[in-house]
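The values are calculated or read from the model by the stated rules, or taken from the named source; none is laboratory data. No experiment lies behind these values; they were computed from the predicted model shown. Neighbour counts are summed over all protein chains in view; Cβ atoms, including those assigned to glycine, are modelled from backbone coordinates with ideal geometry. The area values use the complete protein model at the heavy-atom level, side chains included, leaving out ligands, DNA and RNA. Shrake-Rupley method; radii C 1.70, N 1.55, O 1.52, S 1.80 Å.
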Amino acid sequence: MELMTQHAFWNKHRPGCDEHYLVHQLRTDSDYLPELSRIAVKDGEVLGCIMYTKAKVVGVNGDHEVLTFGPLCVAPKWQGRGIGEFLLEETMTIARRKGYKGIVIFGEPDYYPRLGFKTCDAFGITTAAGENFDAFMGIELVKEGFKGITGEYYYADIYENLPEEDVERFSKAFPPLRKLSFPEHEAFQ
Ligand SMILES: CC(C)(COP(=O)(O)OP(=O)(O)OC[C@H]1O[C@@H](n2cnc3c(N)ncnc32)[C@H](O)[C@@H]1OP(=O)(O)O)[C@@H](O)C(=O)NCCC(=O)NCCS
């Protein structure tokens with residue numbers, strides 16, 4: 001799964017990537033939710049994965065539990081065949097059944113709206129810094145799932161705590177890949 005994730009994200013948002021190390025670290029993180037996370041497998045090959053963690057929205061009326069996920073990824077040669085959408089729909093069904101109200105993510109603003117995500121300003125949810133922007137999105141798992149859930153969004157530390165040297169050390173166990181810079185990386189800085 002780590003290898004598939006590395007290939008899915010390599011040079012995608014920056015030269016190289018750290019998402020394969022994120023996947024590895026998430027497995028043992030206290031905020032990780034394995035009961036919601038899934039991999040897509042065909043003939044023993046991992047084609048894609050989605051990993052969920054606990055998150056919260058902190059407002060004047062208290063803390064509200066929400067979900068987030070990341071990474072969601074599909075092996076490059078299997079992309080564009082509906083696997084990403086399938087992983088998301090399946091896991092949203094499980095989350096809904098378990099009583100979760102909604103999901104908040106930082107993600108691709110051109111991909112998630114087609115799956116029903118809206119920018120978080122629609123829900124009265126901001127980042128911890130009080131910001132809203134296109135990549136900051138949410139979806140209600142039930143009708144009016146975010147009703148009464150307004151405030152600032154906080155997510156697991158692990159997403160912000162992947163030291164470069166640890167990523168490099170971890171990556172040495174993988175077949176070498178070349179890091180490349182592309183103009184579109186600027187949008188992710
Ligand atoms: C984004 C990703 C998970 C989508 O999974 P997928 O199985 O390829 O997507 P699906 O088959 O469900 O959907 C395909 C559609 O989404 C579009 N799409 C895929 N990635 C997109 C992106 N980054 N931005 C905009 N549209 C995108 C495709 O063009 C296709 O559109 P079409 O149906 O009109 O032809 C996958 O492409 C991936 O792993 N990308 C690299 C890692 C990544 O960026 N993950 C998301 C981080 S937020």
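When the chain is treated as a GNM with alpha-carbon contacts under 10 Å, the residue of F86, F136, F69 showing the greatest mean-square fluctuation is F86. Cross-link pairs exceeding 27 Å between alpha carbons, from the set K77/K179; K54/K147; K118/K179: K118/K179. Structural size metrics of the chain, computed from C-alpha coordinates, are Rg and Dmax of 16.5, 50 Å. Between R96 and F133, full extension at 0.36 nm per residue minus the direct alpha carbon distance yields a gain of 10.7 nm.
Among K56, K101, K143, the largest mean-square fluctuation in a Gaussian network model of the chain (Cα springs under 10 Å) belongs to K143. Excluding same-chain neighbours fewer than eight residues apart, the aspartates and glutamates reachable from K101 by a Cα-Cα span under 18 Å are D31, E35, D63, E65, E89, E90, D121, E140, E144, E152.
Based on the alpha-carbon gyration tensor of the stretch 1-55 and its eigenvalue square roots a ≥ b ≥ c, which shape applies: rounded if a/c is under 1.5, prolate if not and a/b is larger than b/c, or oblate? Oblate, because a/c is 1.5 or more while a/b does not exceed b/c. Among the protein heavy atoms of the chain, carbon and sulfur supply 50% of the accessible surface, probe 1.4 Å, non-protein parts ignored. Computed with a 1.4 Å probe over protein heavy atoms only, the accessible area of W10 comes to about 50 Å². Using a Gaussian network model on the chain with a 10 Å cutoff between Cα atoms, which of R178, R27, R81 fluctuates the most? Among R178, R27, R81, the largest mean-square fluctuation in the Gaussian network model of the chain belongs to R178. Charge dipole (Cα centre; +1 on Lys/Arg Cβ, -1 on Asp/Glu Cβ; no other charges) of the chain amounts to roughly 620 debye.
Using R0 = 30 Å, the C-beta based FRET efficiency linking E45 and E165 works out to 0.45. Coupling constants for the stretch 67-82 follow from the phi torsions by the Karplus curve (6.51 cos²θ - 1.76 cosθ + 1.60, θ = phi - 60°), and in residue order they are 10, 9, 9, x, x, 10, 8, 9, 4, x, 6, 9, 6, x, 10, x Hz; glycine and proline get x. Ordering 102-110, 35-43, 88-96 by mean Cβ neighbour count within 10 Å, with the highest value first, yields 102-110, 88-96, 35-43.
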